[in-house]
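This report concerns only the one structure given below.
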Amino acid sequence: STSVGDVQYVDGFWYVLSATPDDVYKFDSDWAYVANYTLHDDQDDAEGFFWNGVNWFVTDSDDDKVYEYNSNWNFTQTHNVKDEPMDIYQLGEYWYLLYDDNTAGDGQEKVKRYFNNWTTDSGFSAVDIGPQDINPYSIWYWGDSWYMQGNQNQKVWKYNSSWGDPQEEFDYGYNAYCIYRDNYYWYLCNADDKLYQYYSNFTTYVNMTSTP
């Protein structure tokens, strides 16, 4: 069993980011094990990943870099970012990076935005999400809204497309390490190394074993 840090479903396969050890596991649509991939030697605290349709991008909460891998999980390059990001999401021409109070560099929980060339977007004011949760873990975008999952209050928070108007969306009541949405369901990575699958309104879950 591994520690589930993040998950995405891509082209008929589930990919699970393991925080301990820092590997990626691949499963078919029925959760049969297919393969696993070892991350770069410098990735000691992989926290979140994102598939942008071409390559994988992995954050590290102990490193001020984003690590890039090709579709076969071969390391290609790193991108310098400020501080040590927890999670990552690409939307249009921007990257959005999540930081907790230990990784933001200024002791605050924030979301920061970068251009696709990895330069800081100075026109975007870093969003302080500390009032919602001081232990944020993961972000996702769906239906013109942002979602943030945090473990201080063990809740999912919903924001508008500009990261304003925070609303409590779901009180899940356990420690989790990722939030993910496919076309039909929400998923939360539970601390006991299972995925909890929810309907679109966050009702009803099914435990899903996700690691070998």
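Name the pairs: first residue in region 15-29 and free of Cβ contacts under 8 Å to residues at least 24 places away in the same chain and of a type outside the set (D, E, K, R), second residue open to solvent by 30 Å² or more (accessible area, probe 1.4 Å) and in a strand (DSSP E or B), Cβ to Cβ under 9 Å, at least 6 apart or on different chains?
From residues that are free of Cβ contacts under 8 Å to residues at least 24 places away in the same chain and of a type outside the set (D, E, K, R), the pairs are 20/3; 21/3; 21/38; 29/9; 29/13.
Quick grid of which residues meet (1) within 21 Å of residue 176 (Cα to Cα); (2) loosely packed, with under 13 Cβ neighbours inside 10 Å; (3) at pLDDT 95 or above:
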position	(1), (2), (3)
70	no, yes, yes
84	yes, no, no
97	yes, no, yes
104	yes, no, no
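Looking for whichever is open to solvent by 60 Å² or more (accessible area, probe 1.4 Å), β-branched (Val, Ile, Thr), free of Cβ contacts under 8 Å to residues at least 40 places away in the same chain and within 21 Å of residue 86 (Cα to Cα) here; the options are 38, 59. Which one fits?
Matching residue, one of 38, 59: 38.
Within region 127-212, which strands (runs of 3 or more DSSP E) (wholly inside it) include 2 or more residues that are of a type outside the set (D, E, K, R) and either modelled with pLDDT of 90 or more or open to solvent by less than 40 Å² (accessible area, probe 1.4 Å) (or both)?
136-142, 145-150, 155-160, 167-171, 176-181, 186-190, 194-198
Just need a number here: residues in region 1-14 that are without any contact (Cβ under 8 Å) to a residue 40 or more places away in the chain and assigned to a strand (DSSP E or B).
1
The values are calculated or read from the model by the stated rules, or taken from the named source; none is laboratory data. Remember, predicted model here, so these are calculated numbers, not experimental data. Glycine gets a Cβ as well: all are built from the backbone with ideal geometry, and neighbour counts include every protein chain shown. In case anyone asks, the SASA skips ligands and DNA or RNA and just uses the protein heavy atoms, side chains included. Shrake-Rupley method; radii C 1.70, N 1.55, O 1.52, S 1.80 Å.
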